[in-house]
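Working notes for the structure below.
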Amino acid sequence: MTMKKDSTEPEERIAPYLWDGSGVPDPELEKLEALLGAFRYDQSARAIPQIENPAARARRIQWFPAFATAAGVTAVVVVLVVVFVRSRQTAPAPAPGWEVSSVRGSLSLGNATLSADHSSSHLVVGQVLETGLQSQARLTAEQTGQIDVESSTRLRLVAMGNDTNRIALDHGVIHAVIWSPPGQFVVDTPSGTTVDLGCAYTLQVDDSGAGLVRTSLGWVGFKLKGHESFIPAGAAAAIRPKSGPGTPYFEDASAKFRSALASFDFNDSTPRQHARDLEVVLHEARKRDALTLWHLLASTDASQRVLVYSKLARFVPPPAGVTEAGILRLDSSMMDHWWNELGFDDIAVWRQWERGWSGIEGSEK
């Protein structure tokens, strides 16, 4: 007689071992038990006398080995989770800074030299980033914005926090796209302080400290001591050391207008030259140039201010509560109220920044 081959599968022969320890143990299972042995329940540690139904006790004893194994695995997981959480809690937070990426050529970052194949780096507070003749880079801060740094540029990260992000541009060109709340991103230059008011702009500074602010989105404020300019999208303003910002203008203004304005701001040495250049500006002005005329109110003497007021009032009539007498004495409330009629956003955003940053302008030292 041919003996029937045992058809019992390995799983069926091992199963009794899983439940009550009898049968043939699997080698892999034995390894697992050895690893988890430290977490096995110790029945001798504490005995709790109780009256129990014999049948229920038998069922409990059958289930116990599997339960003990599951409990051991759970204990390992809990230990690993606790260790991970504690390591995250005790690990020092990374220093705040701007991520440096898209490097072209080579540049210096602090004491290091970066090239196009560099690993991730950050510009942190106190560090200097300097590009060479053929190098460029991009700076990114998740909560603030993005800055493209052109060649031959030197800048420093002065401060960075929840509501403050300050960079000093010593010389060169940067293109900034900022999405943090207005007034939080500030750039110091040798000619004054640039304040982002929700915008995208280009700032360039030459080796003498002179330069240009050009806004492409939103508007920018620029200030040196008591001299301030507001530069909306499509407009620009020259900047000079000691003089600060020039009068902002739209770049599509006539060449005569722009040339006379530049002379009025920085080159005129006599009252006669001043008057002649102002006459050209007023003659060439369009309604769109109300931006320039509003700024000129504060940079003209009493006799010239009357002429500027008259021209501006023809383009944008002063709103209720704004009088000629008040504007001629440069009443700040009336000046602000009239600005808001020009269509370049509410000047209250700037005034709020001034109150929060009073006396902190780095370039006024």
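The values are calculated or read from the model by the stated rules, or taken from the named source; none is laboratory data. All values derive from a computational prediction rather than experimental measurement. Every residue, glycine among them, receives a Cβ derived from its backbone with ideal geometry; neighbour counts consider all protein chains shown. Side chains included, ligands, DNA and RNA excluded: accessible areas come from the protein's heavy atoms. Shrake-Rupley method; radii C 1.70, N 1.55, O 1.52, S 1.80 Å.
Residue by residue, here is whether (1) touching an Asp or Glu at 6+ places or on another chain (Cβ under 8 Å); (2) in a strand (DSSP E or B) holds:
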{"position": "Gln146", "(1), (2)": "no, yes"}
{"position": "Ala168", "(1), (2)": "yes, yes"}
{"position": "Val177", "(1), (2)": "no, yes"}
{"position": "Gly183", "(1), (2)": "yes, no"}
{"position": "Thr193", "(1), (2)": "yes, yes"}
{"position": "Tyr201", "(1), (2)": "no, yes"}
{"position": "Lys256", "(1), (2)": "yes, no"}
Taking the range 99-112, which residues are open to solvent by 60 Å² or more (accessible area, probe 1.4 Å), under 15 Å from Ser151 (Cα atoms) and out of contact with any Lys or Arg (no Cβ under 6 Å at 6 or more places or on another chain)? Arg104, Ser106
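Each row is one residue, and each column tells you yes or no for (1) buried (at least 16 other Cβ atoms within 10 Å of the Cβ); (2) touching a Ser or Thr at 6+ places or on another chain (Cβ under 8 Å); (3) at positive phi.
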{"residue": "Val124", "(1), (2), (3)": "no, no, no"}
{"residue": "Gly132", "(1), (2), (3)": "no, yes, no"}
{"residue": "Gly145", "(1), (2), (3)": "yes, yes, yes"}
{"residue": "Val149", "(1), (2), (3)": "yes, yes, no"}
{"residue": "Leu169", "(1), (2), (3)": "yes, yes, no"}
{"residue": "Val173", "(1), (2), (3)": "yes, yes, no"}
{"residue": "Asp188", "(1), (2), (3)": "yes, yes, no"}
Residue list for the range 267-293, filter: modelled with pLDDT of 95 or more and under 21 Å from Gly211 (Cβ atoms): Leu291, Thr292
Take Gln273 and decide whether it is in contact (Cβ under 8 Å) with a residue 40 or more places away in the chain, polar (S, T, N, Q) and out of contact with any Phe, Trp or Tyr (no Cβ under 8 Å at 6 or more places or on another chain). no
If we only count helices (runs of 4 or more DSSP H) wholly inside the range 266-365, which ones have 3 or more residues that are within 29 Å of Gly183 (Cα to Cα) and out of contact with any Pro (no Cβ under 7 Å at 6 or more places or on another chain)? 290-296, 332-339, 348-356
Quick check, is Ser363 small (Gly, Ala, Ser) and at pLDDT below 95? yes
Name every residue in the range 98-114 that is without any contact (Cβ under 8 Å) to a residue 12 or more places away in the chain and of a type in the set (A, V, I, L, M), in order of residue number. Ala112
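So is Leu330 open to solvent by 40 Å² or more (accessible area, probe 1.4 Å) and under 18 Å from His227 (Cα atoms) or not?
Numbers: open to solvent by 40 Å² or more (accessible area, probe 1.4 Å): yes; under 18 Å from His227 (Cα atoms): yes.
Spelling it out, Leu330 is indeed open to solvent by 40 Å² or more (accessible area, probe 1.4 Å) and under 18 Å from His227 (Cα atoms).
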Given (1) of a type outside the set (A, V, I, L, M, F, W, C); (2) out of contact with any helix residue (DSSP H, G or I) (no Cβ under 6 Å at 6 or more places or on another chain); (3) assigned to a strand (DSSP E or B); (4) at pLDDT 95 or above, index of the condition Lys223 fails: (4)
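From the list Ala262, Ala285, which one is in contact with a Ser or Thr (Cβ under 8 Å, 6 or more places away or on another chain), small (Gly, Ala, Ser) and either under 24 Å from Lys223 (Cβ atoms) or surrounded by 19 or more Cβ atoms within 10 Å (Cβ to Cβ) (or both)?
Details: Ala262 fails: in contact with a Ser or Thr (Cβ under 8 Å, 6 or more places away or on another chain).
Step by step, each of Ala262, Ala285 is checked, and only Ala285 is in contact with a Ser or Thr (Cβ under 8 Å, 6 or more places away or on another chain), small (Gly, Ala, Ser) and either under 24 Å from Lys223 (Cβ atoms) or surrounded by 19 or more Cβ atoms within 10 Å (Cβ to Cβ) (or both).
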Six or more apart or on different chains, Cβ atoms under 8 Å: show the pairs whose first residue is in the range 298-312 and within 17 Å of Phe230 (Cβ to Cβ) and among the hydroxyl-bearing types (Ser, Thr, Tyr) and whose second is outside any helix (DSSP H, G or I) and open to solvent by less than 60 Å² (accessible area, probe 1.4 Å). Ser299/Thr247
